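The values are calculated or read from the model by the stated rules, or taken from the named source; none is laboratory data. The structure presented is a predicted model; accordingly, all values stated were derived computationally and were not measured. Methodologically, a virtual Cβ is constructed for each residue, glycine included, from the backbone with ideal geometry; neighbour enumeration extends over all protein chains shown. With ligands, DNA and RNA removed, areas are computed over all heavy atoms of the protein, side chains included. Shrake-Rupley method; radii C 1.70, N 1.55, O 1.52, S 1.80 Å.
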Amino acid sequence: MDRTEKREFVASLAAVFAGTSMVVVTRNDGLTVADVTDLRRKVRAAGATYKVAKNRLATLALDGTQFEGIKPLLKGPTALAWAADPVAVAKVIVEFAKTNEKLVLLGGALGTQTLNADGVKALAELPSLDTLRAQLVGLISTPATRIAGVLQAPAGQLARVTGAWARKGEAAA
């Protein structure tokens, strides 16, 4: 990679860091090509990106961004994963690390907050953004259903009382 390519790479990585909310740092020492391909496929399916970058270039790209706190993690064979949905990228990396011991989760950053490996694992246990949206819609629609049921209940009770009086009148006749 010549200087121009390095400058372009640093600029593109800095632009990525400026537009994302979560970055996860992993150590990928000993992963096979098939493992990395599988991991990238899973990460891409979650709407995230996984990239192996030279530590020096990644450090330069981190300058002036909200993720400067992860610079100490960039030692040895590392790779970065990022996404706009912080839970999605954390879930994919944590799940893959459970099945493949060669991928080691080092930590990450959620905005300006630097996270250790346990922090990223805790984030991965949260429900995804889509799940939270579905739960919110369910919470909003439940009161409307209950209101409709309450409004229908008096009419139903009135019909039952009227039916009981009619049956009582038929039995007396």
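Candidate cross-link partners of residue 98 among the lysines, defined by an alpha-carbon separation under 20 Å and a same-chain spacing of 8 or more, comprise 42, 51, 121. Rounded to the nearest 20, the size of the Cβ-charge dipole of the chain about its Cα centre is 240 debye, with Lys and Arg at +1 and Asp and Glu at -1. Helix-only mean residue ellipticity at 222 nm, the chain, DSSP H runs n ≥ 4 weighted -39,500 (n - 2.57), per residue, nearest 500. What is it? After summing the helix terms and dividing by residue count, I get -20000 deg cm²/dmol.
Relative to the longest principal axis of the Cα atoms of the chain, the long axis of helix 129-172 makes an angle of roughly 10 degrees. Scoring 133-140, 74-81 by mean Cβ neighbours within 10 Å over their residues and listing the highest first yields 74-81, 133-140.
How high is the relative contact order of region 1-80? Use alpha-carbon pairs under 8 Å, at least six apart in sequence, and give a whole percent.
After rounding, I find 48 percent.
Carbon and sulfur atoms: what percent of the 1.4 Å accessible area of the chain do they account for? Accessible surface attributable to carbon and sulfur in the chain totals 59 percent. Just name one of 83, 171, 138: the one whose Cα is farthest towards the positive end of the charge dipole of the chain (beta-carbon charges, Lys/Arg +1, Asp/Glu -1). Ranked along the dipole, the leading option is 171.
In bins 5 Å wide, starting from 0, what share of all Cα pairs of the chain does each bin hold, as a percent? Answer for the chain: a P(r) of 1, 8, 14, 15, 14, 10, 6, 4, 3, 3, 3, 3, 3, 3, 3, 3, 2, 1, 1, 0, 0 percent.
In the full protein context, the chain carries 61 Å² of accessible surface per residue, based on a 1.4 Å probe and ignoring ligands, DNA and RNA. For region 1-52 versus region 57-118, the inter-centroid distance based on Cα atoms is 10 Å.
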